[in-house]
Amino acid sequence: MNLIDRVKNILLTPKTEWDVINSETVTPPSLLVSYIFPLAVISAIGPVLSGFLFPGLLGLNAFLISALIAFLSAIISYYISLYIIDILAPTFGSEKDLNKSAQLVAYSTTPSFIAGLLSFIPVIGGLLSFVAWAYSIYIMYLGLTPLKKTPEDKKIIYLIIAFIVTVAVMMVVSAILGSMLLTSALLGF
């Protein structure tokens, strides 16, 4: 399935799309190249557009660094999150399957990537990010049973833990990358 169809289907018909996804054979690296990488690039366009449209006091360089941080954070967070979610799976009666965990992480973050692209829109961009997080939770919830075979009575707690882990990893990775890249930029490296 091509990227545009997958994005459209996971956003508009996630319940049926998870069944299609479950029948596919992928690996974490193949999802990185075919899905995460292109969407991370698309998402990083939002901060760059902000820099062109509203450079303000920070200038375009700050927005370029922000885009780089967003891109690298998406890739690093994808890998860390999928491993943590897979390690936690047996705790919640779910199947431990690294490839299915990769699918769950990659496809459930789709709304956030699209919101990243639209982040350049003042006020609405921030609201879209909040809505995207909420919708990502719902999409992940729908994917837990077909992909990880999570029992109904453990789905909510696994979802909460998985989502908290995903968000926490993204925030920590972004903070580390941000401090490294901003320090480098300030020092002229």
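The values are calculated or read from the model by the stated rules, or taken from the named source; none is laboratory data. Since we're looking at a predicted model, the values are computed, not measured. Glycine also receives a Cβ, built like all others from the backbone with ideal geometry; neighbour counts cover every protein chain displayed.
Are any of the residues in segment 49-71 modelled with pLDDT of 95 or more, outside any helix (DSSP H, G or I) and of a type outside the set (A, V, I, L, M, F, W, C)? Talk me through it step by step, then tell me what you get.
Of all residues in segment 49-71, those modelled with pLDDT of 95 or more come to none.
Looking for residues that are modelled with pLDDT of 95 or more, outside any helix (DSSP H, G or I) and of a type outside the set (A, V, I, L, M, F, W, C), one finds none in segment 49-71, hence no.
Out of curiosity, is Asp5 surrounded by 14 or more Cβ atoms within 10 Å (Cβ to Cβ) and acidic (Asp, Glu)?
The answer is no for Asp5.
So the check is Cβ under 7 Å with 6+ separation or different chains; which pairs have a first residue in segment 4-30 that's in a helix (DSSP H, G or I) and a second one that's of a type in the set (Asp, Glu) and surrounded by 13 or more Cβ atoms within 10 Å (Cβ to Cβ)?
Final answer for the pair search is Asn9/Glu17; Ile10/Glu17.
Specify which of the listed residues (Lys100, Lys96) is over 12 Å from the mean Cα position of the chain (by Cα), over 26 Å from Asn61 (Cα atoms) and crowded, with 22+ Cβ neighbours inside 10 Å. Steps first, answer last, please.
Values: Lys96 fails: crowded, with 22+ Cβ neighbours inside 10 Å.
Only one candidate passes the filter, namely Lys100.
I'd like the residue in segment 97-130 that is touching a residue at least 40 places away in the same chain (Cβ under 8 Å) and not in a helix (DSSP H, G or I) and, out of all such residues, is nearest to Ile164 (Cα to Cα).
Thr109
Pairs under 7 Å by beta carbon, first residue within 30 Å of Ile69 (Cα to Cα) in segment 150-173, partner not in a helix (DSSP H, G or I), six or more apart or different chains?
Within 7 Å, the pairs are Tyr158/Ser94; Tyr158/Thr150.
Of everything in segment 8-34, what is charged (D, E, K, R) and either surrounded by fewer than 19 Cβ atoms within 10 Å (Cβ to Cβ) or in contact with a Cys (Cβ under 9 Å, 6 or more places away or on another chain) (or both)? Give them in sequence order.
Going residue by residue through segment 8-34, those that are charged (D, E, K, R) are 8, 15, 17, 19, 24.
Lys8, Lys15, Asp19, Glu24, listed by residue number.
Suppose we keep only residues that are aromatic (Phe, Trp, Tyr) and in contact (Cβ under 8 Å) with a residue 40 or more places away in the chain within segment 35-90. Which one would you say is surrounded by the fewest Cβ atoms within 10 Å (Cβ to Cβ)?
Applying the first criterion (aromatic (Phe, Trp, Tyr)) to segment 35-90 yields 35, 37, 52, 54, 63, 71, 78-79, 83.
Pick out the ones that are also in contact (Cβ under 8 Å) with a residue 40 or more places away in the chain and you get 35, 54, 78-79.
On the way: Tyr35: 23, Phe54: 11, Tyr78: 25, Tyr79: 17.
The qualifying residue surrounded by the fewest Cβ atoms within 10 Å (Cβ to Cβ) is Phe54.
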